[in-house]
Amino acid sequence: MTTDPTAPRPLPGAGRNRTGSPGPAGAPAGDPGDDPVRGPWGSVMGLALDQARAALPGGDVPVGAVVLAPDGVTVLSAGHNEREATGDPTAHAEVLALRRAAAARGEWRLPGCTLVVTLEPCVMCAGALVQSRVDRVVYGARDEKAGAAGSLWDLVRDRRLNHRPEVIGGVLADDCARLLTDFFRAR
Ligand SMILES: [Zn+2]
């Protein structure tokens, strides 16, 4: 499974250069293409949103995640919330995607990889992200009540840890948040 090969390749280290040059030209429609930091991640967030929707039939909160290989294009794995579907309290989208990416690589360490998720990770998932040694975390909607990547905590960038992934938040945030709002409103 790979992403559209014509899609722009995310800029390595894009989040560290918020005032730098624009992202790659030709960003797909619907991307925040005028944003050089977030724009390049729009198409991959679209895949994570597809995953999030796949959580709905099982009655789970629609959160989805994908893990990209170090090339920034190849999708190693995907996952969505499966707590209700499996009765597993740790079955968050990020944990499942990380486990599957590690299985695909035959290695628990995932250096160079990027996890893209529709909702800011919770403390458990932030811990799993640090443990997995991914290089980068890209998320959509902020979680002001439980987010651990900049909102309530900033565990992934805690200077006391020796591995700190880069964080890029707010990619297709409105689309990601709307899916959640609609889910909770319908309950
Ligand atoms: Zn989580």
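The values are calculated or read from the model by the stated rules, or taken from the named source; none is laboratory data. Computed from a predicted structure; not experimentally measured. Note that each Cβ is placed from the backbone with ideal geometry, even for glycine, and that neighbours are counted across all protein chains shown. Accessible surface areas use protein heavy atoms only, side chains included; no ligands, DNA or RNA. Shrake-Rupley method; radii C 1.70, N 1.55, O 1.52, S 1.80 Å.
On the Cα set of region 142-187, report Rg and Dmax in Å, please.
13.4, 42
Using a 1.4 Å probe on the protein heavy atoms only, what accessible surface does ASP154 show? Give it in Å² to the nearest 10.
60 Å²
Between ASP50 and MET124, take the C-beta separation as r, use R0 = 25 Å, and let me know the FRET efficiency to the nearest 0.05.
Once the sixth-power term is evaluated, E becomes 0.60.
To the nearest 0.05, how large is the calculated FRET efficiency for ASP182 and ASP71 if R₀ is 30 Å and r is the Cβ-Cβ distance?
0.30
Long-range amide H contacts for GLY64: which residues qualify at under 5 Å (H placed 1.01 Å from N, peptide plane, sequence gap of 5 or more or a different chain)?
It is ALA52, THR118, LEU119, by chain and number.
Could you list the residues of region 60-81 with an amide nitrogen less than 15 Å from a label point located 7 Å from the Cα of ARG109 in the Cα-to-C-beta direction?
Counting only backbone N, you get 70.
Semi-axes of the equivalent ellipsoid for region 69-187, please: Cα gyration tensor eigenvalues, times 5, square-rooted, ordered largest first, whole Å.
Equivalent ellipsoid semi-axes, largest first: 22, 17, 14 Å.
Taking a 1.4 Å probe, which of SER151, SER77 shows the most accessible area, and what order do the others take after it?
Ranked list, largest accessible area first: SER151, SER77.
In whole Hz and in residue order, list the ³J(HN,Hα) couplings for region 138-145 that follow from phi through the Karplus curve 6.51 cos²θ - 1.76 cosθ + 1.60, θ = phi - 60°; x for Gly and Pro.
Rounded to whole hertz, the list is 10, 10, x, 7, 6, 10, 5, 8.
Any idea of the accessible area per residue across region 81-149, 1.4 Å probe, to the nearest Å²?
Averaged over the residues of region 81-149, the accessible area is 40 Å².
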